[in-house]
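Just below is one structure, and these are the notes that go with it.
The values are calculated or read from the model by the stated rules, or taken from the named source; none is laboratory data. Everything numeric in this text was worked out from a predicted model, so none of it was measured. With ideal geometry, Cβ positions are generated from the backbone for all residues, glycine too; neighbour counts draw on all protein chains shown.
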Amino acid sequence: MKAKIRFLLLALIVVLAAGGAWWHWHRPTADGVLTLYGNIDFRQASIPFNGSERIAEVLVEEGAQVKAGDVLARLDTSRLLPQEKQAEAAAAAQKAVVERLVNGSRPEEIAQARAALASAKADAENATALYERRRVLGAAAAVSQQDVDQARAAAAMATANVAVADNALKLALIGPRAEDIAQARAELRRFEAQLALLRQQVADAELRAPFDAVVQARLMEPGEMATPGKPVLSLATLGRKWVRAYVSEPDLSRVRNGSLARIRIDSLADQPLDGWVGFISPVAEFTPKTVQTEELRTSLVYETRVFVKDDNNRLRLGMPATVTILPDDSLAQKSVVP
């Protein structure tokens, strides 16, 4: 019986302590403000190289502030640069081929084809005349039949050469076929695409900051092999920071987007920071496990983000903070919402 009484008393003490803690954390003050407790949070990024190569140099140390676009590290490009030069030369050569086909035959080439045709016609006339003389002489038995046959064959060959020279002149005047030009242009596009890829790989050999940030950690060092799956640096944004806090359902009506707040941290208790409520979760969840009280753990709460103006970059990730939500009428006194 005594053990049962002691157990009931202990349970009552735990319930009262939990209730007192809940009331202390969420109690309204005399002027109607709401006090919440949470931790500083902000956006982070672990950035890797896009390519796989050995790291040549890392240009920043932990704690350094960098601007968006700053070069943070470089890969070894001793193998990429010769490939880029080779691709440039191949693209330039193919471009010359396309220009030659598009421009067609030069005037000198056309003149040469005309001269070849005139020479072939002269040879044909000479061979035909020789054949006629030998044919007449052959009828009179002045020359052999073999000489007549040879003259006939020479005349026929000369006539064929005229046709060949004539077609060559026509081709010189017409120029290259459209299909040949299209094929050459397709080859040029292939070479240009390969060159663009190599140039992008050379550009990716420089790891640049994606945003204004503070370097939190160097995860790799020069000489190590970088891959797209291995981050080289860990960055923390210099932009907007917030306090991640939780509001219980009974107090939810006292918080809205845009509500002003004061944020205090233990190391700067006498220097509160201005803030505002920027996010209230539409979905309820159980109290986070950081609250160890069994009774409070079953209470439904809503995640809230209270954004902070930290122009001097004094807040650190995970730092505990106390948030005081001001009543709505304070909006008329001062606006910190951007």
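What residue, of Arg74, Arg54, is touching a residue at least 12 places away in the same chain (Cβ under 8 Å), loosely packed, with under 14 Cβ neighbours inside 10 Å and not assigned by TED's automatic domain parsing to the domain that holds Arg177? Don't jump to the end; show me each part of the working.
Numbers: Arg74 fails: loosely packed, with under 14 Cβ neighbours inside 10 Å.
After applying the criteria, what remains is Arg54.
Would you call Leu59 closer than 30 Å to Ala217 by Cα and touching a Leu at 6+ places or on another chain (Cβ under 7 Å)? Steps first, please.
On the way: closer than 30 Å to Ala217 by Cα: yes; touching a Leu at 6+ places or on another chain (Cβ under 7 Å): yes.
Taking the combined requirement at face value, the residue satisfies it.
Is it the case, given these coordinates, that Leu197 is out of contact with any strand residue (DSSP E or B) (no Cβ under 6 Å at 6 or more places or on another chain) and over 22 Å from Phe49 (Cβ atoms)?
no
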Point to revise | Members of the range 64-84 that are closer than 15 Å to Phe211 by Cα and part of a loop (DSSP other than H, G, I, E, B) | key: Ala64, Lys67, Ala68, Gly69, Asp70
Check your understanding: Here are Leu233, Leu198, Leu188: which of them is among the aliphatic types (A, V, I, L, M) and out of contact with any helix residue (DSSP H, G or I) (no Cβ under 7 Å at 6 or more places or on another chain)?
Key -> Leu233
Review point. Can you name every residue in the range 91-119 that is modelled with pLDDT under 80 and among the charged types (D, E, K, R)?
Key: Arg106, Glu108, Glu109, Arg114
Check your understanding: Looking at the range 176-196, is at least one residue modelled with pLDDT under 90 and buried (at least 18 other Cβ atoms within 10 Å of the Cβ)?
Key -> no
Revision key, fill the gap. For the range 277-310 the number of residues that are in a loop (DSSP other than H, G, I, E, B) and modelled with pLDDT of 75 or more is 5
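Let's see how each residue does on (1) modelled with pLDDT under 85; (2) in a helix (DSSP H, G or I); (3) over 49 Å from the mean Cα position of the chain (by Cα):
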| residue | (1), (2), (3) |
| --- | --- |
| Ala3 | yes, yes, yes |
| Leu12 | yes, yes, yes |
| Ala18 | yes, yes, yes |
| Trp22 | yes, yes, no |
| Ala45 | no, no, no |
| Val60 | no, no, no |
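Residue check: is Val336 modelled with pLDDT under 85, in a strand (DSSP E or B) and aliphatic (A, V, I, L, M)? Walk me through how you get there before you give the answer.
Details: modelled with pLDDT under 85: yes; in a strand (DSSP E or B): no; aliphatic (A, V, I, L, M): yes.
No, not satisfied.
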Revision key, fill the gap. Going through the range 264-274 in order, the residues found to be closer than 17 Å to Gly318 by Cα and either within 39 Å of the chain's Cα centre (by Cα) or not assigned by TED's automatic domain parsing to the domain that holds Pro327 (or both) are Ile265, Leu273
Exercise for review: Could you identify the single residue in Glu61, Glu53, Glu57, Glu84 that is among the charged types (D, E, K, R), more than 30 Å from Ile263 (Cα to Cα) and touching a Pro at 6+ places or on another chain (Cβ under 7 Å)?
Suggested key: Glu57
**Study point:** Single unsatisfied condition, Glu221 versus (1) surrounded by 14 or more Cβ atoms within 10 Å (Cβ to Cβ); (2) within 23 Å of Thr77 (Cα to Cα); (3) among the acidic types (Asp, Glu)
**Key:** (1)
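Hey, can you tell me all the residues within the range 249-263 that are closer than 12 Å to Tyr37 by Cβ and of a type in the set (S, T, N, Q)? Even if it seems obvious, please write down each step before you answer.
Taking the range 249-263 first, the residues closer than 12 Å to Tyr37 by Cβ are 263.
Correct list: empty.
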